[in-house]
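What follows is calculated from the coordinates using simple rules that are stated; it is not laboratory data. The shown structure was predicted, so the numbers you read here are calculated from the model rather than taken from an experiment.
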């Protein structure tokens, strides 16, 4: 207390000056709208610059994670380069490439709107029919399956999400190729269900689940997630819970898949059912 009193006595002129300055500025701003507006404008500029600096710093600190993600994706692309071709250009109008034996074409798109908290969730992409995107094309990300295109305009596409009660896809256990029907039960956006796997099959926590390739939409081998729980609930089949490899809440960029052999496959399958 004595030290505080000494400081006040020693610097009392400076303290009184600061207090009077604060009172003066306060009176000036409260009584003068022009000065008040100027002051607010200055403070907004200062805080805006501070926020910008913070954002730039945060972005810089996240570069390592971004670079690691890009490196992993480049490795995946190199592994499949012998059977696919990926580009951001317009390409969906081509036919089967007999020279490179390409079955699928890929193009990137940005997610501009989506929901994850409904029973029937959809996404909107920033590309449409002007680059050849059509309904019933698959949509994936580097982390796994996203959904299927259901409608398009010239510049946009609507995608039925994997997180939709009406969505089903053929999937299989990577280790033994046993396949079943995968769907979402509408509860947790991070988990889906895999049905029709017979109970005599060895299923363990951590087993990888991928697309089976038994459709003309998704190629075989695209990751969906890993087994988190499995149990037999009557009958001869497992009730398997899958942890999704995709975090739908952080989804930004995806890839739309165009199959060059889809039309031929569908026509053949339909003729066989006549």
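Descriptive notes on the structure:
- Residue separation of residue 23 and residue 150 scaled by 0.36 nm, minus their Cα-Cα distance, works out to 39.3 nm of gained length.
- Gained length - residue 193 relative to residue 15, 0.36 nm times residue gap less alpha-carbon distance: 57.1 nm
- The separation of region 184-211 from region 97-172, counted between C-alpha centres, amounts to 22 Å.
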